[in-house]
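First the structure, in the form of structure tokens, and then the observations on it.
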Amino acid sequence: MSITSSISAVATSPCCTEIRELPLPSFGPDAGLLRVVATGVCGSDWPMYKTREPGPRILGHEMVGIVEALGPLAGERWGVKEGDFVALEEYLPCGHCEYCRSGEFRSCFETDSRVPGAIRYGSTPLSVEPALWGGFGQFLYMHPRTVMHRVPEGVEPHIAAMAIPLGNGFQWACLDGGAGPGKTVVIQGPGQTGLACVLAAAAAGADRIILSGLARDRMRFEVARALGADLTVAVDEQDLAEVVAEATQGRMADLVIEATSAGPEIINSSLKLVRKRGTLLLASRKGMPVEGFDLDRMLGMQMTVKGVRGHSYQSVEMALSAMASGRYPLHMLSTHIVGLDEVDAALRTIGGQDDREAIHITVAPWGTEGSHVAA
């Protein structure tokens, strides 16, 4: 390979990006190198962008790309060859703990960036060799513990780059929440993951899907209805509990997924949406305790309240299968494709620092021209 360096957008300090040229690493027989074609900008990238610790790093963990170079042991382990188009997960699980052995590697402590010494794509600093840990760059080092998926033929990069957020939707709505025929599903929050939950619930055949947001989310409501939502509710104009009660003849929802950026006060109002023996999934961090948590209602309604995080291998495969089916207007989710020089602006948009209407932004490290095709 004649290329010896990678151009990357490096988050150097809070809300500051520099374009840097970093050397390509040498690697052993159990690792490899990915030529990044597209990387999604996740809502979780924004809070990381605002922090100084753990130091300069390349953000971006929703990567798809071409296997550029591959050690022989890595190729055998991953079942891929050079030139294959793949999607990577952000997790780098240990592979031997109780969670990994049971198939729940998202719970492995090695995947938790809050644990000292843990590494994962999109959050590991440059000081950890070989530095190329994020998708906002032309190349990415593929660690021996990489978890990857083959991208189905015909799926374009800007769509494939949504494998992780859509995988979250399938994980929460289907695998964790049990959405399916006969079920009413309420999804609070029309962001990337909320809309992913709409898609997943629709793919699972849920009887009724209700998405809530604010009046300013009209564009997102249109996308939700195209993906399969039956009702969309602006909670600053309508009472969500009343809408759910009317739609279900007072029975309320089988499954409620709270995926908003609202404060902890929304949790108690979410409890009021759940039917007896129903399920409430809490998918968004609040940063503080929930005051006055209505434990009596939870107990009296015999409901399940569960915190959810991330995705399993199966759920990402489900997302990729949905992409390959061509049944869903996923292009409506992909609102912007930008180059490395626009990473700072893209992060600020996702963080709500400007008035751009965006759902999923994709970074194309080699330039936006032709970025819809994995060549």
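Tell me whether the stretch 193-239 comes out rounded, prolate or oblate; compute the Cα gyration tensor, take square roots of the eigenvalues as a ≥ b ≥ c, and use a/c under 1.5 as the rounded threshold.
prolate
Leaving out ligands, DNA and RNA, what percent of the accessible area of the chain is carbon and sulfur, probe 1.4 Å?
Within the chain, the accessible surface is 50 percent carbon and sulfur.
Suppose only helical runs count, i.e. DSSP H with n ≥ 4. What mean residue ellipticity at 222 nm does that imply for the chain under -39500 (n - 2.57) per run, divided by all residues and rounded to the nearest 500 deg cm²/dmol?
Helices in the chain give a 222 nm mean residue ellipticity of -6000 deg cm²/dmol.
Restricting to lysine pairs 8 or more places apart or on different chains, what number in the chain have Cα atoms under 23 Å apart?
Total qualifying Lys-Lys pairs in the chain comes to 8.
So which trypsin sites (Lys or Arg not before Pro) in the stretch 256-323 pass both tests, a DSSP loop state and at most 12 other Cβ atoms within 10 Å of the Cβ?
ARG285
For the Cα atoms of the chain, what angle does the longest principal axis make with the long axis of helix 313-325, in degrees from 0 to 90, nearest 10?
Approximately 90 degrees, to the nearest ten.
Using only Cα atoms and rounding to the nearest 10 degrees, what angle (0 to 90) does helix 192-203 make with the longest principal axis of the chain?
70
In square angstrom, what is the accessible area per residue of the chain with a 1.4 angstrom probe?
In whole numbers, the chain has 42 Å² accessible per residue.
What is the stretch 1-154 by shape, rounded, prolate or oblate, if you read a ≥ b ≥ c off the alpha carbon gyration tensor as root eigenvalues and call it rounded for a/c under 1.5, prolate for a/b larger than b/c, and oblate otherwise?
oblate
Treat every Asp and Glu Cβ in the chain as -1 and every Lys and Arg Cβ as +1, leave all other atoms uncharged, and give the resulting dipole magnitude about the Cα centre to the nearest 20 debye.
Dipole magnitude for the chain comes out near 740 debye.
For a quick check: with amide H placed at 1.01 Å from N, whose amide H comes under 5 Å from LEU132's, ignoring anything fewer than 5 positions away on the same chain?
Result for LEU132 returns TYR141.
Given axes a ≥ b ≥ c from the Cα gyration tensor, I'd like to know whether the stretch 53-123 is rounded (a/c under 1.5), prolate (a/b larger than b/c) or oblate.
Oblate, because a/c is 1.5 or more while a/b does not exceed b/c.
Measure nothing fancy, just the Cα-based angle from helix 218-227's long axis to the longest principal axis of the chain, in degrees from 0 to 90, nearest 10.
90
Stokes-Einstein D for the chain at 4 °C, 1.567 mPa s, Kirkwood Rh over Cα pairs, in µm²/s?
Estimated via Stokes-Einstein, D reaches 61 µm²/s.
Please list, in chain and number order, the residues 5+ apart from VAL147 or on another chain whose amide H is under 5 Å from its amide H, with Hs placed from the backbone.
Those lying under 5 Å, H to H, from VAL147 are GLU89.
Any idea what the relative contact order of the stretch 68-227 is, in percent, if you count C-alpha pairs under 8 Å spaced at least 6 apart?
16
The values are calculated or read from the model by the stated rules, or taken from the named source; none is laboratory data. Everything numeric in this text was worked out from a predicted model, so none of it was measured. All Cβ positions, glycine included, derive from the backbone under ideal geometry; neighbour counts span all protein chains shown. Ligands, DNA and RNA are stripped out before the accessible areas are found, and what is left, the full protein with its side chains, is counted by its heavy atoms. Shrake-Rupley method; radii C 1.70, N 1.55, O 1.52, S 1.80 Å.
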